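Contents: one structure, followed by commentary.
The values are calculated or read from the model by the stated rules, or taken from the named source; none is laboratory data. Source: prediction; values computed, not measured. Neighbour counts run over all protein chains shown; Cβ positions are idealised from the backbone, glycine included.
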Amino acid sequence: MFRAARTALTACGIAAALAFAPSAAATPSAPSETAPSAALWVGRGAPGQEVEASWLDEWRDSDEETVKVTSAAFEAPVTLTFSGRQYTGVARLRADAGPGQARARVISHGGKAVTKAHFWINDSSVGDASASVPWAVAGAGVGVGAIAAVMLTVRRRRRI
């Protein structure tokens, strides 16, 4: 009986690993160009879509409530607002932005610090449905594991 439970859990683990491995491998991280106390992040999206942007600065100036992020891939510079721990905002990618890697930068500390980051623009033919495939596979794996656990519990109670 324990062998069946162990097999079911192993199958769920393998399904989850296979579901998330392709998405992790397809998202390379850009090398850090600043000290570890500051990080700029821009989400991935297709041309014409909105993407999230965030700026985390552990040594932020107390009077600096907003910062601007610029990129040739944005329709306009984006103002990020401090939200208690980091600066956050939303950028719209240009409709004519090509797929691939793009660059963004933020100027902070009164113009004394510049941080750059790379982000990815998806091909416009890639829709949001492709992002849901790993979640569907993982969900199916969890569902199979839950069904196996219920079956084992019912089987055990019948024997008692």
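Annotations
- Selection within segment 89-123 - in contact with a strand residue (DSSP E or B) (Cβ under 6 Å, 6 or more places away or on another chain), loosely packed, with under 14 Cβ neighbours inside 10 Å and within 24 Å of Ser62 (Cβ to Cβ): Val114
- Top-ranked residue of segment 55-88 - restricted to ones that are buried (at least 18 other Cβ atoms within 10 Å of the Cβ) and farther than 15 Å from Ile121 by Cα, ranked as modelled with the lowest pLDDT: Arg60
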